[in-house]
Amino acid sequence: MTYQDIFTTELEGKKRGGARLVDVRERDEYTQGHIPGAVNLPLSELAGREDEIGPNTVLICASGNRSSQAAAYLASQGKTGLLNLSGGTAAWVREGREVKRGEQP
């Protein structure tokens, strides 16, 4: 594994450090509620769009499962510096943190 799992408590620090947040859920899931600052790049569209992902990217999904799949795939394509949000958006919401609704920020 060439990516690192992080937890919601670490996310703000990563954002301040310049990390890019990429939500890999499908568009309808993303528009229903996403972590502020996250852009949507569905896992189903990731193949062929790998060049949109650079180092210091936090991958996010609902639970951390699809984002870990995305991280593993991207790592197999030579991408480095990837972070996976363990617990995903569900953990973020459970902690009472803010979510944005609608399209891209």
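For this structure, a couple of remarks:
- Only the Cβ atoms of Lys and Arg (+1) and of Asp and Glu (-1) were treated as charged; on that basis the dipole of the chain about its Cα centre amounts to roughly 200 debye.
- Taking 16 Å as the straight-line reach from the Cα of Lys100, the aspartates and glutamates in range (excluding those fewer than 8 positions away in the same chain) are Glu12, Asp23, Glu26, Asp28, Glu29.
- The chymotrypsin sites (Phe, Trp or Tyr not before Pro) found in the chain that occupy coil by DSSP, while having at most 16 further C-beta atoms within 10 Å, are Phe7.
- Taking trypsin sites (Lys or Arg not before Pro) across the stretch 74-105, the ones in a DSSP loop with at most 15 further Cβ atoms lying within 10 angstrom of their Cβ are Arg97, Arg101.
- Net length available on complete extension from Glu45 to Arg94 is 14.9 nm, with 0.36 nm assigned per residue and the Cα-Cα distance removed.
- Charge context of Ser44, other residues only, Cβ under 15 angstrom, K/R +1, D/E -1: -3
- DSSP-assigned coil residues among trypsin sites (Lys or Arg not before Pro) in the stretch 9-58, each with at most 11 further Cβ atoms within 10 Å: Arg49
- Amide H contacts of Asn84 (H built 1.01 Å from N, under 5 Å, at least 5 apart or other chain): Gln4, Asp5, Ile6, Leu59
- Pairwise label distance in nanometres, Glu52 with Glu10, each label 7 Å out on the Cα-Cβ vector: 2.5
- Net charge over other residues, Cβ less than 13 angstrom from the Cβ of Lys14 (K, R count +1; D, E count -1): 0
- Between Gln69 and Ser86, the simple spin-label model (points 7 angstrom out along Cα→Cβ) gives 2.1 nm.
- Rounded, prolate or oblate (a/c below 1.5 giving rounded, otherwise prolate when a/b exceeds b/c) for the stretch 3-94 by Cα gyration tensor: oblate
- Over the chain: helical MRE at 222 nm, DSSP H runs n ≥ 4 each giving -39500 (n - 2.57), nearest 500: -9000 deg cm²/dmol
- Angle between the chain longest axis and helix 65-76 axis [Cα atoms, degrees, rounded to 10]: 20
Only the coordinates and a few stated rules stand behind these numbers; no lab work does. Please read these numbers as outputs of a predicted model, since none were measured by experiment. Every residue, glycine among them, receives a Cβ derived from its backbone with ideal geometry; neighbour counts consider all protein chains shown.
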